[in-house]
1. So for 160, 91, fewest C-beta neighbours within 10 Å to most, what's the order?
2. Could you work out the mean projected area of the convex hull around the alpha carbons of the range 142-191, in square nanometres to one decimal?
3. In what sequence do 125, 41 fall when counting other Cβ within 10 Å, fewest first?
4. What value, in deg cm²/dmol to 500, does the helix sum -39500 (n - 2.57) over DSSP H runs of n ≥ 4 give at 222 nm once divided by the residues of the chain?
5. Taking H as built 1.01 Å from N, whose amide H comes closer than 5 Å to the amide H of residue 2, not counting residues under 5 places away?
6. Order by neighbour count: 106, 56, fewest other Cβ atoms within 10 Å first, most last.
7. Can you report the principal axis dimensions of the range 4-63 using only the alpha carbons, biggest first, rounded to whole angstrom?
8. Using the reciprocal of the averaged 1/r over all distinct C-alpha pairs, how large is the Kirkwood radius of the chain in Å?
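Quick note: the coordinates plus some simple rules give every number you see, no bench work behind them. Note that the coordinates shown come from a computational prediction; the quantities given were computed from them, not determined experimentally. Don't worry about glycine lacking a Cβ; one is built from the backbone with ideal geometry, like all the others, and counts go over all protein chains shown.
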Amino acid sequence: MYHHLRGELVEKNPSRAVIEAGGVGYTVRITSETYAKLPMVGEACFVFLYLAVREDAMELFGFTSREERKLFLDLVKVKGVGPQHGLAILSSAPANEIFRAITAGDVKGLTRAKGVGTKLAQRIVLELKGELALEEEAGQAGASGPAADAEEALISLGYSRKEAVAAVRAALKEGEADTELLIRRALSKVK
């Protein structure tokens with residue numbers, strides 16, 4: 001899995017950006033929030049990535065913040081929500097508003113996204129409301145540095161936020177460590 005991309009912004013529009021790194025131009029699908037935060041064409045830029053692999057295509061999705069990418073990853077774990085829906089949802093409002101809509105159970109707010117009907121919005125709220133509330137609680141508890149990176153790594157491997165937070169907390173009880181060691185310790189703790 002790709003984590004991030006740093007390079008020169010060659011082209012941008014509200015739905016995609018082209019970033020050149022190492023002589024290769026990467027087309028990256030983006031949200032409207034990411035578009036607004038990208039620098040001017042010709043300047044250096046940095047985006048966090050998600051690679052979606054299908055039978056007929058591979059697409060990169062880019063985000064200017066870890067939080068937006070985490071929310072995207074949470075969304076695409078919901079049955080019936082693919083990367084296109086996730087992008088549409090995150091393009092309909094800033095990530096913090098989408099986060100609040102889910103945790104508040106605001107189904108109507110989620111249906112503003114293109115292609116998201118009431119049933120899908122209800123499923124998103126049902127599946128993510130509790131998990132995102134735990135994430136918010138963990139964020140307020142101050143997970144940062146190697147611990148936050150280790151949690152994100154476990155989530156990207158398919159573990160739920162709850163499992164990742166619990167495993168990293170258990171790994172931290174064995175003492176401070178760098179991100180790589182924390183991930184190894186946490187993986188041994190996950191059930």
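1. Details: 160 15, 91 19.
Going from sparsest to densest Cβ surroundings: 160, 91.
2. Values: hull surface 11.7 nm².
Dividing the Cα hull surface by four gives the mean projection, 2.9 nm².
3. Values: 125 21, 41 13.
So the residues, fewest neighbours to most, are 41, 125.
4. After summing the helix terms and dividing by the residues of the chain, the value is -16000 deg cm²/dmol.
5. Excluding prolines and chain starts, which carry no amide H, the hits are 51.
6. Values: 106 15, 56 4.
Result, fewest neighbours first: 56, 106.
7. 34, 26, 17
8. Details: mean 1/r = 0.0573 Å⁻¹.
Computed over Cα pairs of the chain, the Kirkwood hydrodynamic radius comes out at 17.5 Å.
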